Amino acid sequence: MDKYENFVKEWINKQLQKHGVDFEYVLKNQEIEGEIWCTYYTCTQEEADELKKWALAEMKKRFKWSKRMSESQYGWLNLMWGLRIASETL
């Protein structure tokens, strides 16, 4: 597994930590109750912002990417596997 794949796995695990599951679990259970795992599990806007802050700092450090490159890559990463942000009002 390359450095980027390791990073993605770590990022997914950070997202899922509060739900008591991990990358290996969602790899085996891509749908939960009829929903793809990244829409079934949710996070708050604050949690998403904190995860983004962590991820951008890690990308710059690990891959020596510029701020612009890190933000671009994070956008794709979050689009593909970012958790759905829970609505404050139900």
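Here are the numbers for this structure:
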{"quantity": "Selection within region 60-71 - closer than 14 Å to Tyr4 by Cα and of a type outside the set (Phe, Trp, Tyr)", "calculated": "Lys60, Lys61, Arg62, Lys64, Met69, Ser70"}
{"quantity": "Scope region 64-90; condition surrounded by 13 or more Cβ atoms within 10 Å (Cβ to Cβ), closer than 23 Å to Asp22 by Cβ and at pLDDT 95 or above; matching residues", "calculated": "Gln73, Tyr74, Leu77, Asn78, Trp81, Gly82, Leu83, Arg84, Ile85"}
{"quantity": "Index of the failed condition, Tyr40 passing every other in (1) without any contact (Cβ under 8 Å) to a residue 60 or more places away in the chain; (2) buried (at least 16 other Cβ atoms within 10 Å of the Cβ); (3) within 13 Å of the chain's Cα centre (by Cα)", "calculated": "(3)"}
{"quantity": "Single residue of region 32-53 satisfying the filter (of a type in the set (Ser, Thr, Tyr) and assigned to a helix (DSSP H, G or I)) that is nearest to His19 (Cα to Cα)", "calculated": "Tyr40"}
{"quantity": "Candidates Glu24, Glu10 - the one that is on the phi < 0 side of the Ramachandran plot, of a type in the set (D, E, K, R) and surrounded by 13 or more Cβ atoms within 10 Å (Cβ to Cβ)", "calculated": "Glu10"}
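The values are calculated or read from the model by the stated rules, or taken from the named source; none is laboratory data. Since we're looking at a predicted model, the values are computed, not measured. No Cβ is skipped: glycine too gets one built from the backbone with ideal geometry, and neighbour counts run over all protein chains shown.
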